[in-house]
Amino acid sequence: MERNEPVPTRPRKLVALHWLTVLCVAVAATLVLLRDELDGRALRAWLLEGHRHAGLLVLLLFVVRVWLRIRYGKLQPGGDHSRIVRLGAALTHVALYALLLALPLLGWAMCGAAGLDVHFFGLTLPALVGENEDLADRLQAWHVDAAWALLVLAILHLSAALWHHFVVRDHTLRMMLPGRRR
């Protein structure tokens, strides 16, 4: 690959939403992990509320991303890849999208099952499920399992992007970098 050849583009809105989602997921994970390490009831409550807000932002960004992906239709590939590579990428993306939807919904439902209100920038959201302690425990376990699955897939996704950039030397990673001139 010549570094001077034109880089296939991704719509700027999709690139921005991709990186905003990365930021929100990182913030949500950081806040909940910090919460487990710190003392002080008020601080821990604030960190948990921040975690919930970041998770709900992921859900909101998910809806916008899906709407834009439908609107933009099929995107130009970053390189000429084998069928198995394209299939692996497609399956990974579907799994990432599924987890970006499932994680916030599981957290939201878990709060309802635990009898907790969910607030989002001043709005109290309706409970997704009724109060049920056993269900709250199951939803929490699923939420944690889904978070670990998201971490594994995110690492796989990042590894594939780096592999494309440094080994295959195609445009896959460069297409998704923010701030490039189109």
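Read the figures in this text as sums done on the coordinates, not as results from a lab. Everything quoted here is computed from the prediction, not taken from an experiment. Note that each Cβ is placed from the backbone with ideal geometry, even for glycine, and that neighbours are counted across all protein chains shown.
When the Cα convex hull of the range 87-155 is projected onto planes of every orientation, the mean area is 5.2 nm². Entry note, the range 1-158: relative contact order of 20 percent, from Cα contacts under 8 Å with a spacing of 6+ residues. For Val94 and Phe166, the FRET efficiency from 1/(1 + (r/R0)^6), where r spans their Cβ atoms and R0 equals 25 Å, is about 0.50.
Annotation for the range 51-98: trypsin sites (Lys or Arg not before Pro) lying in DSSP loop with at most 13 further Cβ atoms inside 10 Å of their Cβ are Lys74. Using R0 = 22 Å, the C-beta based FRET efficiency linking His119 and Val63 works out to 0.70.
Radius of gyration over Kirkwood radius for the chain, both on Cα atoms: the Rg/Rh ratio is 1.03. With 0.36 nm allotted per residue and the present C-alpha distance subtracted, the Leu87-Arg44 stretch has 11.3 nm of extension available.
In sequence order, the range 165-171 has phi-based couplings of 6, 9, 9, 6, 6, 9, 8 Hz under the Karplus curve 6.51 cos²θ - 1.76 cosθ + 1.60, θ = phi - 60°, and Gly or Pro positions carry x. Which of His18, Ala28, Ala113 sits farthest toward the positive end of the charge dipole of the chain, with +1 on the Cβ of Lys and Arg and -1 on the Cβ of Asp and Glu? Going by the Cα projections, it comes out as His18.
Helical runs (DSSP H, four residues minimum) scored at -39500 (n - 2.57) apiece and divided by the length of the chain put the mean residue ellipticity at 222 nm at -24000 deg cm²/dmol. Cys111 sits among other residues whose Cβ lies under 12 Å from its own Cβ, and their net charge, with Lys and Arg +1 and Asp and Glu -1, is -2. Summarising the amide proton neighbourhood of Val118: residues at separation of 5 or more, or on other chains, whose placed amide H is nearer than 5 Å comprise Leu125.
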